[in-house]
Amino acid sequence: MVIQVVVVDDQEMVRAGFRALLAAEPDLEVVGQAADGAEAVEIARRLAPDVILMDVRMPVLDGLAATRRILGEWTSGQAPRVIMLTTFDLDEYVYDALRAGASGFLLKHSPPGELAAAVRVVAAGDALLAPSITRRLVEDFARVQPVLPTTSGELTPRETEVLKLIARGHSNREIAAGLTLAEQTVKTHVSRILAKLNLRDRAQAVVHAYESGLVHPGPRR
């Protein structure tokens, strides 16, 4: 299957560069481009792409607001996956974007080969960020965020345990080893956690765990 992508950035050269890189991949197709967030919202409605590469700072409507509008108009299972494009990996906009439902972020100065890989990862339903990177990002900003009423009570004790380990930056393999479970069993637990809490991916699961008070940020290093 061909993954349909929309590229959103206010710099024409950036859009052209991303389009060229993705066009070289047989399973990826750039079906639209936008120069600001408002245009991105309209294109998303019209084309329903699989993945949107979304710049953070743009005129008219920034990437964060555009992400909220786009993901707010779709159910979790049908919404396009959004990858935020940013210059700084601890940009507060990125944290807010994860809260809004973005599947991760990609640094603009990342090696070219990472772009296509990132699109494939989120199109497959996974979070782009490694859990450890998500944890660092969330911990930096969760300290100043109010704890929200938890909705994790509907999880089983084992699912709660798995969610805590996801938030602590563990991969499925590490969780399986730590809990003496098969890796496939851990994957099943993760899928059920996301479904019960209406979360799109692991990135949102990490945010939820911290903001609900299930886990707490550690001391600053």
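The values are calculated or read from the model by the stated rules, or taken from the named source; none is laboratory data. Remember, predicted model here, so these are calculated numbers, not experimental data. Don't worry about glycine lacking a Cβ; one is built from the backbone with ideal geometry, like all the others, and counts go over all protein chains shown. Areas reflect the complete protein model, heavy atoms only, side chains present, ligands, DNA and RNA absent. Shrake-Rupley method; radii C 1.70, N 1.55, O 1.52, S 1.80 Å.
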Inset, instruction - Would you be able to tell me the number of residues in segment 139-184 that are in a helix (DSSP H, G or I), at pLDDT below 65 and under 19 Å from LEU197 (Cβ atoms)? - result: 3
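Taking the condition open to solvent by less than 10 Å² (accessible area, probe 1.4 Å), of a type in the set (Val, Ile, Thr) and closer than 29 Å to ILE193 by Cα, does VAL8 pass? Give the steps one after another, and end with the answer.
Working: open to solvent by less than 10 Å² (accessible area, probe 1.4 Å): yes; of a type in the set (Val, Ile, Thr): yes; closer than 29 Å to ILE193 by Cα: no.
Judged against the criteria, VAL8 is not a match.
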Legend entry - Positions within segment 80-94 being at pLDDT below 75, of a type in the set (D, E, K, R) and open to solvent by less than 50 Å² (accessible area, probe 1.4 Å), in sequence order: ASP91
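Name every residue in segment 103-120 that is touching a strand residue (DSSP E or B) at 6+ places or on another chain (Cβ under 8 Å) and open to solvent by less than 50 Å² (accessible area, probe 1.4 Å), in order of residue number. Even if it seems obvious, please write down each step before you answer.
Quick first cut of segment 103-120, residues touching a strand residue (DSSP E or B) at 6+ places or on another chain (Cβ under 8 Å) only: 103-108, 114-116, 118-120.
Matches in segment 103-120: SER103, GLY104, PHE105, LEU106, LEU107, LEU115, ALA116, ALA118, VAL119.
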Inset, instruction - Output the number of the condition that ILE193 fails; it satisfies all remaining conditions of (1) farther than 19 Å from ALA124 by Cα; (2) part of a helix (DSSP H, G or I). - result: (1)
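So which of ALA48, ALA24, ALA97 is among the hydrophobic types (A, V, I, L, M, F, W, C), modelled with pLDDT under 95, surrounded by fewer than 17 Cβ atoms within 10 Å (Cβ to Cβ) and under 19 Å from GLU114 (Cβ atoms)?
Working: ALA48 fails: under 19 Å from GLU114 (Cβ atoms); ALA97 fails: surrounded by fewer than 17 Cβ atoms within 10 Å (Cβ to Cβ).
Being among the hydrophobic types (A, V, I, L, M, F, W, C), modelled with pLDDT under 95, surrounded by fewer than 17 Cβ atoms within 10 Å (Cβ to Cβ) and under 19 Å from GLU114 (Cβ atoms) holds for just one of ALA48, ALA24, ALA97, which is ALA24.
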Inset, instruction - Tell me which of these ASP126 doesn't satisfy, since it passes every other one: (1) at pLDDT 85 or above; (2) open to solvent by 80 Å² or more (accessible area, probe 1.4 Å); (3) of a type in the set (Asp, Glu). - result: (1)
Inset, instruction - Could you figure out which of (1) at pLDDT 90 or above; (2) closer than 19 Å to ASP126 by Cβ; (3) open to solvent by less than 10 Å² (accessible area, probe 1.4 Å) isn't true of ALA66? - result: (2)
Inset, instruction - Could you run through segment 27-45 and say how many residues are open to solvent by 20 Å² or more (accessible area, probe 1.4 Å), among the hydrophobic types (A, V, I, L, M, F, W, C) and in a helix (DSSP H, G or I)? - result: 1
